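A short write-up of the structure that comes next.
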Amino acid sequence: RMSDIDAAVKALKSTVDVLKSNPELLNAPQLAFFKEYLESLGATIPGSKPSASAADKPAESAPPPPQQKGPIVEEPDDDEEEEKEEPEEIDPDVISRDEADIDPPQELGEVGKEASEAEEEAAGDARAAAMDAMGEGNLELAVAKFSAAILAAPSANLLATRGTCFLKMKKPLAAIRDATRALEHNADSAKAYKLRGKAHCLLGDWKEAVKDLGTGQNIDYDEDSYELQKKAKAHVEKEKERERKKKEREEKRQKKLREQRAREMAESQAGAAGAGFPGMGGMGGFPGMGGMGGFPG
């Protein structure tokens with residue numbers, strides 16, 4: 001009857017559609033009769049040797065086996081190799097914070113103290129002795145004398161000058177404390193700003209150095225500070241470029257991960273669809289492949 005033929009053709013078409021997606025199913029025992037029939041027509045079945053009935057047929061190149069599903073390991077491309085993070089440039093003048101301070105921290109004096117005449121005189125004598133010690137290169141003695149002067153009659157100039165001694169002693173953290181306290185006495189002290197900027201350079205804190213040196217230069221310009229300011233700005237620009245490249249690399253990495261997850265999900269969904277063999281109902285041992293009854297003879 002025509003209805004039987006139509007049903008059989010429909011079932012066969014459904015079966016062929018599934019086999020197109022999963023040709024390796026032709027090697028299943030349940031489909032041995034169909035496989036032999038195809039081989040007798042000269043077909044080559046992936047993953048199997050031709051049967052005896054097809055041995056005399058000319059060999060045809062088999063299609064490549066289906067790709068193995070599983071996690072995708074991304075190989076680094078040439079761009080990635082070229083975009084490896086550049087090592088941070090180490091400035092030879094920068095020192096470790098572990099060696100950048102004195103112990104115990106220096107006395108900073110009292111802000112707003114009104115010194116007596118005797119204290120002013122004592123501070124003057126101590127300052128003179130400190131300047132002599134600086135001239136002789138005896139920085140430790142100079143610091144001690146400046147400290148005595150600061151305790152007697154603190155001022156922005158005394159603090160900034162002592163801070164200069166700390167800077168020469170490679171103690172930038174102590175110099176920053178003196179500069180900061182000096183600015184509490186005089187917020188327009190160019191000497192204090194420049195001192196703190198130079199101390200930040202010794203620590204490799206380039207952004208802070210640019211800011212303080214720039215403020216000091218706006219108050220009182222000098223060539224030495226300008227050269228140091230240029231150096232600090234160059235470091236800041238390099239840091240910005242490193243951060244920009246680092247951000248780009250991370251964005252690329254995240255994009256690749258998203259694409260990889262999307263591919264893996266698509267493969268997983270395709271594998272799950274293939275495992276169910278939709279539309280192949282009732283064909284012994286294969287779910288969904290039923291209904292492929294005998295063809296009317």
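The values are calculated or read from the model by the stated rules, or taken from the named source; none is laboratory data. Remember, predicted model here, so these are calculated numbers, not experimental data. Methodologically, a virtual Cβ is constructed for each residue, glycine included, from the backbone with ideal geometry; neighbour enumeration extends over all protein chains shown. Areas reflect the complete protein model, heavy atoms only, side chains present, ligands, DNA and RNA absent. Shrake-Rupley method; radii C 1.70, N 1.55, O 1.52, S 1.80 Å.
Per-residue SASA remark: Asp132, around 100 Å² accessible (1.4 Å probe; ligands, DNA and RNA not included). Ranking of Ile102, Ile45, Ile5 by solvent-accessible surface, largest first: Ile5, Ile102, Ile45 (1.4 Å probe, protein heavy atoms only, all chains present).
Can you tell me which of 234-245, 170-181 comes out highest on packing, and rank the rest after it, using the mean Cβ neighbours within 10 Å? Don't skip to the end; give the middle numbers.
On the way: 234-245: 13.1, 170-181: 23.4.
So the order, starting with the most tightly packed, is 170-181, 234-245.
In this simple spin-label approximation, Asn218 and Glu140 carry label points 7 Å from Cα along the Cα→Cβ vector, and these lie 4.1 nm apart.
Between Arg249 and Val94, the C-beta separation translates, for a Förster distance of 30 Å, into a calculated FRET efficiency of about 0.70.
Need one number for the stretch 176-279: average projected area of the convex hull over its C-alpha atoms, nm². Mind dumping the intermediate values first?
Working: hull surface 41.5 nm².
Over all viewing directions, the stretch 176-279 projects a mean Cα-hull area of 10.4 nm².
Residues within the reach of a label modelled at Ser116 (point 7 angstrom out along Cα to beta-carbon, backbone nitrogen below 15 Å), restricted to the stretch 122-149, are 122-123.
So which of Lys171/Lys230; Lys170/Lys240; Lys191/Lys211; Lys113/Lys170; Lys211/Lys231 end up more than 21 Å apart, counting from Cα to Cα?
On the way: Lys171/Lys230 23 Å; Lys170/Lys240 27 Å; Lys191/Lys211 14 Å; Lys113/Lys170 30 Å; Lys211/Lys231 13 Å.
In this structure, Lys171/Lys230; Lys170/Lys240; Lys113/Lys170 exceed 21 Å between Cα atoms.
Whole number please: convex hull volume per residue, Cα atoms of the stretch 121-215, in Å³.
For the stretch 121-215, the hull spanned by Cα atoms encloses 76 Å³ per residue.
Only protein heavy atoms count here; under a 1.4 Å probe, Met265 has an accessible surface of about 120 Å². Rounded to 0.05, the FRET efficiency of the Asp6 and Asn27 pair, given R0 = 30 Å and the Cβ-Cβ distance, is 0.50. Heavy-atom accessible area, probed at 1.4 angstrom with all protein chains present, ranks Tyr37, Tyr193 as Tyr37, Tyr193, highest first.
Volume of the convex hull of the stretch 103-162 (Cα atoms only), normalised per residue: 69 Å³. Among 183-192, 151-160, the peptide with the highest mean count of other Cβ atoms within 10 Å heads the list, and the full ranking is 151-160, 183-192.
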